[in-house]
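The values are calculated or read from the model by the stated rules, or taken from the named source; none is laboratory data. Nothing here was measured: the structure is a model prediction, and the numbers come from that model. Cβ placement follows ideal geometry from the backbone for every residue including glycine, while neighbour counts extend to all protein chains displayed. SASA here: full protein model, heavy atoms, side chains in, ligands and nucleic acids out. Shrake-Rupley method; radii C 1.70, N 1.55, O 1.52, S 1.80 Å.
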Amino acid sequence: MSSEEHGGQLDQNLATNREVQAAEHAAVGAEPGAAEPAPRPATLLQHSPYQAPAGFSAVQPATHRASTVMFANVAAMRARDWRHKTGYTYGLHGTPTTFMLEARLAEIEGAVHGLLCPSGLSAIALVNLALLQQGDAVMLPANVYNPSRDMAQTLLSGWGIALQVYNPMDLAATQAAITPQTKLLWLEAPGSVTMEMPDLRGLVALARQHGLVTAIDNTWGAGLALKPFALGIDISMQALTKYQSGGADVLMGAVLARDEALQDKLLEAHMRLGLGVGGDDASLVLRGLHSLHLRYHAHDQAARRVATWLQRRPEVQTLLHPAFPGSPGHAHWVRDCSAAAGLFSFTFEPQITAAKVDTFVDALRLFKIGYSWGGPVSLVVPYDVAAMRGASWPYASPLVRLSIGLEDPDDLIADLDQALRVALG
């Protein structure tokens, strides 16, 4: 835009603002043309008459930050309902930025409604507190995300909500564990850390038979590899901290649903608990969505290459990766999934001690030791699953979980190779 065009546009904007001011002045009964005292500086800083021209369009949406939302008049304030996503009432209940993120996530997942939470764990808590009450029981798989189990064993149990742990790979045993008090069945696909892929269709059928609500932690699937609603699951929860963000720098969760009655319960609890996210974090996740599909499949392909190399190593006893034959529930993955993310685990041969496993992890250079996954940097964490699962865990050596980032997989393989030589000779 030339300087002449820029000046003309500025004059037009100022003229438009003067017209708006004149109309507002007339609306309160002032004499046309009457002099209006200029606001003093402190007031002008809070009440500038300037409004940016409409029509600005860009790839990234605007970031809206707000606690207070302003209304045109009292009637508009009283007519607005926080439950309806057609308008705004207070920053906690949503801004254009958070509404857009909720809608985008619902589109990807095949949901109708979405709610944002400050973290994946808070999203799990939202589902539990919206649907359970004293005297109810919640069923969690034995391979559940451990903080979810901790929540049930402490907070929920203290409120009179019982925990029932079930084997997700045994439908008959799961059915036998259901009681009249059971109200909510959580699904994990694949299992956190141990990576078993359950028969989701079979578990959903059991839940329907007993009138249970089903909720799945679909963080691994990211709305791409696994479509919960197509399988009849009622609620999908995701930790947007992982693949949707992609930068390992945002904490956020989402709860997605199709059913209106369920959504009403979730929405009420969401408001009562005061769950909300900031506009800046929502903008970061919206930005990450543009590359989600490319990154997810890049993580997947690199992980399969690294896993194939590890599977051939004599030190490795078992590869736990749903896309590989022999991994628990591989047939269910083939049937229900289209991709496999960048996360997998493996166990060493039983003669390799826990101390040597720790030495192996410490010797890695590109893999960083840290929780979470789905970010650009590869991560590693050793787990003593036997301590968590007891006699049901069949492997003697500690398990190691890898999150494959966006590095070159050949460099990651070289890093694993040198660490094995350091630890095991």
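In region 382-397, what count of residues is obtained for those that are within 15 Å of residue 319 (Cα to Cα) and within 28 Å of the chain's Cα centre (by Cα)?
Total satisfying the criteria: 3.
With respect to residue 240, is the statement that it is at pLDDT 95 or above and under 30 Å from residue 406 (Cα atoms) true? If you could, list the steps in order and put the result at the bottom.
Details: at pLDDT 95 or above: yes; under 30 Å from residue 406 (Cα atoms): yes.
Yes; evaluated as a whole, the condition is true for this residue.
Pick from region 228-239 the residues that are in a loop (DSSP other than H, G, I, E, B) and either in contact with a Gly (Cβ under 6 Å, 6 or more places away or on another chain) or without any contact (Cβ under 8 Å) to a residue 40 or more places away in the chain (or both): which of them is farthest from residue 182 (Cα to Cα)?
232
Looking at this structure, is residue 321 modelled with pLDDT of 95 or more and either surrounded by fewer than 17 Cβ atoms within 10 Å (Cβ to Cβ) or more than 20 Å from residue 226 (Cβ to Cβ) (or both)? Steps first, please.
Values: modelled with pLDDT of 95 or more: yes; either surrounded by fewer than 17 Cβ atoms within 10 Å (Cβ to Cβ) or more than 20 Å from residue 226 (Cβ to Cβ) (or both): no.
Spelling it out, it is not the case that residue 321 is modelled with pLDDT of 95 or more and either surrounded by fewer than 17 Cβ atoms within 10 Å (Cβ to Cβ) or more than 20 Å from residue 226 (Cβ to Cβ) (or both).
Hey, can you tell me all the residues within region 350-396 that are farther than 20 Å from residue 194 by Cβ and of a type in the set (Ser, Thr, Tyr)?
The answer is 353, 359.
Among the listed residues 205, 142, 172, identify the single one that is open to solvent by 10 Å² or more (accessible area, probe 1.4 Å) and touching a residue at least 60 places away in the same chain (Cβ under 8 Å).
Going through 205, 142, 172 in turn, the sole match is 142.
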